[in-house]
Every structure is written in C-alpha cells, then in structure tokens.
C-alpha cells in the first residue's frame, strides 16, 4: 500500500513539474517576444514622433512630444516603461482613428476570428477525410488526385484565387456577396453581442442579416480553406501511411476486422493528437490575419487593420498586433499541449 501511495505521489510530482516547465517556457517565450518587439520598434527606420506631429512640426513641438512619449530617456528605462504599459493594457492611441489601440483591435479581431473559424471548420472537415482517403488508396488514381489538389493548394497565390473567385462567383454568376462582411443596408442592424456577425444575427433572429453575412463569408473562407485543406490533407496522409504499415494494423486485418474499424478505430486513433496539433497551428496562422484575403475581399479584420498601420507607420498598432499574434500562438500551443496529454495516455 505504501508503494502505491509513493507511486501516486511521484506521478503527481512529475505532473506538477511538467506543468511548471510548460508554463515557465511559455512565460520565457512571451518575455522574449516582448523584448524582440520592443527592439524592432526602436530599430525600424520610422520615427514615431514624426508619425504623431507630422513632418511640418517645429522643433519645440517635436521635442515636447518626444518627451511625452518617453523617447528621450535611456533605452533600459524606455523598456521598463514599455513593460508597465503592457501590464496595464495600454498600447497607446492609433494614428488611424485617434482611439486607443485596444479599442480598435477589439473591434476588428472578431471579424478575423469569425473568418478563421469558418475556414478551419471547412479545412479540417474536408482535409482530414481526404488525407485518410488518400492514404488508404495509396498509389491509386484517387491518391494521385488528392496529391495534385494539395500541390495546387500550396502553390496557388491566395490573392489571385480570391480575385478569380470574385470575378466568377460574384461578378458573373452572382452566387455570393462582394466585399465586406455584409451588405451596406444591413450594417449595424443586429446588436453586437459576440462580435461574430453570423452568431449575432442568429441570436437576434434576423435571417436576412444572417444570409447576407453568410453570402459574404463563404467565398473568402473557401479561398482560405483550400490552402488549409491542402496542408491538413497532406499531413494527415503522411501520418496515416506510417500507421497503416504498422504490425497492429496488419494483425487487425488478418483477424478479419472491418476495414472502417481498422482505418478509423485503430490507425486514425493513433494519429488524432498529431492531426489536432496540425489543425491548431493552422488555426493560429489564420488568426494571425489572412492579410491578402482580407485585403482582396475588403474584410474589416485584424489583417487589414495591421496592413493599414504598416503603410502609415503607426508603430503603436504594429507593436500591439505583433504581441497579440504571439500571445495567440503561445496560447494555442499550450492548449494543444494540454489536449495532447489528455488524448494520449502515454504522455501522462
């Protein structure tokens, strides 16, 4: 009995140690991201003072704003001030609207979250079965077709695919909506509860707004999903091929187990953690901001907002967006690690 208690105690210590290492690594990564963002903000050939006062300001105004921004202080003191502002959630104001950066990001981020979520549902829902199907039919025509489609998905420029899609499905066939999230007539027609227009329209029971929003999101989501499908199906196929050659699969087939059970119940069950990681990383990449897609479709999201800030040299926005992207990736990696431990008993 004492040995069992000792074993449980040792296992608990190991789990606690593993969680501490994971959290510690995340904190170190976050600190390095903050430091790198600060250094890049100081090294870029953009004067944040000029971005505020304009090129025609006199020297007295320039020095006054420089002092207010704390840029006349030693670099270490500037970094300490930068850390305190981040801890308080203060990223300054944006040159684009004059509002706090956090308010603007809170306004544009839900649009990207909505687009990325619809995209990853399509990407994973189609890409995973395609990858499994290609692996099961390795070397056959179906496998070759899936591989060619995946190759095209990787090599086709998204902005070109988006413009072709708009010309065909919007301008010619009128099957989908054009730029933006919804028709201008329906803008601000439903209460902003979640920031996700499709969800808010359903909550309000306004199906006209819902179908308008759906018609606008279906094309950009499909364009982005094609690239996700290509990546997810290729990786799923690779994982499945490795499992289908294992002895336990051969033994299950020899015992007469149904093919679907061998494929999905045995082989796929052993790669679900790897597939989950791939899907999570793909989702993180989409949340980073599908800049080209949002630009082509006039999607008022995070990527388009960051692009506009880069064009005019709004460093407050650039720094804030960079940090948010980093935090999103760190959070998604932590979540993937937790799910990895939950789904795979061997890691525990």
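When you look at residue 188, is it under 24 Å from the mean Cα position of the chain (by Cα), over 30 Å from residue 241 (Cβ atoms) and loosely packed, with under 15 Cβ neighbours inside 10 Å, yes or no?
The answer is no for residue 188.
Are there helices (runs of 4 or more DSSP H) fully within the range 236-348 with at least 1 residues that are over 30 Å from residue 49 (Cα atoms) and more than 14 Å from the chain's Cα centre (by Cα)? List them. First the steps, then the outcome.
On the way: elements: 247-254, 272-287, 291-296, 302-312, 315-343.
Answer list for the range 236-348: 247-254, 272-287, 291-296, 315-343.
For the range 92-106, enumerate the residues that are modelled with pLDDT under 80 and either over 20 Å from residue 42 (Cα atoms) or touching a strand residue (DSSP E or B) at 6+ places or on another chain (Cβ under 8 Å) (or both). Even if it seems obvious, please write down each step before you answer.
So in the range 92-106, the residues modelled with pLDDT under 80 come out as 92-93, 95-98.
Listed by number, the residues that qualify are 92, 93, 96, 97, 98.
Go through 133, 159, 169 for me and flag whichever is closer than 30 Å to residue 262 by Cα and either within 21 Å of the chain's Cα centre (by Cα) or modelled with pLDDT of 90 or more (or both).
Step by step, each of 133, 159, 169 is checked, and only 133 is closer than 30 Å to residue 262 by Cα and either within 21 Å of the chain's Cα centre (by Cα) or modelled with pLDDT of 90 or more (or both).
Determine, yes or no, whether residue 95 is under 25 Å from residue 325 (Cα atoms), touching a helix residue (DSSP H, G or I) at 6+ places or on another chain (Cβ under 9 Å) and either in a loop (DSSP other than H, G, I, E, B) or free of Cβ contacts under 8 Å to residues at least 60 places away in the same chain (or both).
So residue 95 fits the description; yes.
Against the condition more than 30 Å from residue 272 (Cα to Cα) and assigned to a helix (DSSP H, G or I), how does residue 161 come out, does it pass?
Criteria met by residue 161.
For residue 181, indicate whether it is surrounded by 20 or more Cβ atoms within 10 Å (Cβ to Cβ) and assigned by TED's automatic domain parsing to the domain that holds residue 113.
Yes; evaluated as a whole, the condition is true for this residue.
Just wondering, is there one or more residues in the range 270-277 that are in contact with a helix residue (DSSP H, G or I) (Cβ under 8 Å, 6 or more places away or on another chain), more than 30 Å from residue 179 (Cβ to Cβ) and either crowded, with 20+ Cβ neighbours inside 10 Å or modelled with pLDDT under 80 (or both)?
Yes, that holds for at least one residue.
The values are calculated or read from the model by the stated rules, or taken from the named source; none is laboratory data. Computed from a prediction, not measured in an experiment: that's the story for all the values here. Note: ideal-geometry Cβ built from the backbone for every residue, glycine included; neighbour counts use all protein chains shown.
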